[in-house]
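A short worksheet on the structure shown next.
The values are calculated or read from the model by the stated rules, or taken from the named source; none is laboratory data. The structure presented is a predicted model; accordingly, all values stated were derived computationally and were not measured. Here the Cβ is made from the backbone with ideal geometry for all residues, glycine too, and neighbour counts use every protein chain on show. Surface accessibility is based on the protein's heavy atoms, side chains included, excluding ligands, DNA and RNA. Shrake-Rupley method; radii C 1.70, N 1.55, O 1.52, S 1.80 Å.
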Amino acid sequence: QVQLVESGGGLVQPGGFLRLSCEASKIIWGFNYMGWYRQAPGKQRELVATITSGGRQNYADSLQGRFTVSRDNAKNTVYLQMNSLKPEDTAVYYCKVATWTNDYWGQGTQVTVSS
């Protein structure tokens with residue numbers, strides 16, 4: 001079993017930035033991807049960005065250019081750098097790790113963009 005611990009959420013003003021981190025409790029061997037999803041109130045959970053164990057990135061079309069996903073395999077950690085934040089980015093952000101056989105989710109971290 002893999003536990004995921006997210007950090008870095010909070011309250012930020014429009015135009016600001018945040019960096020989310022998600023650390024996995026153990027090394028994940030083999031092909032996998034790590035990434036971020038978000039869920040705003042009253043909406044379905046949606047893809048933000050993912051990155052494979054080989055470094056290939058995938059973004060939601062509307063977020064590419066403002067958000068950057070990265071990972072440090074030595075630290076079992078995935079990051080999400082969020083720039084030029086907008087009020088519509090307000091959501092709970094969830095970390096996910098997917099392997100060939102299992103999906104693991106974090107508990108979520110709240111991001112609120114408001115003046």
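Just a few scattered comments:
- Residues (of a type in the set (Ser, Thr, Tyr) and more than 23 Å from ASN58 (Cα to Cα)) located in segment 1-45: SER25
- Residue ID - surrounded by the most Cβ atoms within 10 Å (Cβ to Cβ), chosen from residues in segment 71-91 that are touching a residue at least 60 places away in the same chain (Cβ under 8 Å) and of a type outside the set (Phe, Trp, Tyr): LEU80
- Selection count where residues are under 13 Å from the mean Cα position of the chain (by Cα) and either open to solvent by 60 Å² or more (accessible area, probe 1.4 Å) or under 17 Å from GLY8 (Cβ atoms) (or both), scope segment 49-70: 9
- Listed by position, the strands (runs of 3 or more DSSP E) inside segment 65-115 whose residues that are modelled with pLDDT of 95 or more, in contact with an Asp or Glu (Cβ under 9 Å, 6 or more places away or on another chain) and over 21 Å from GLY42 (Cα atoms) number at least 3 are 77-82.
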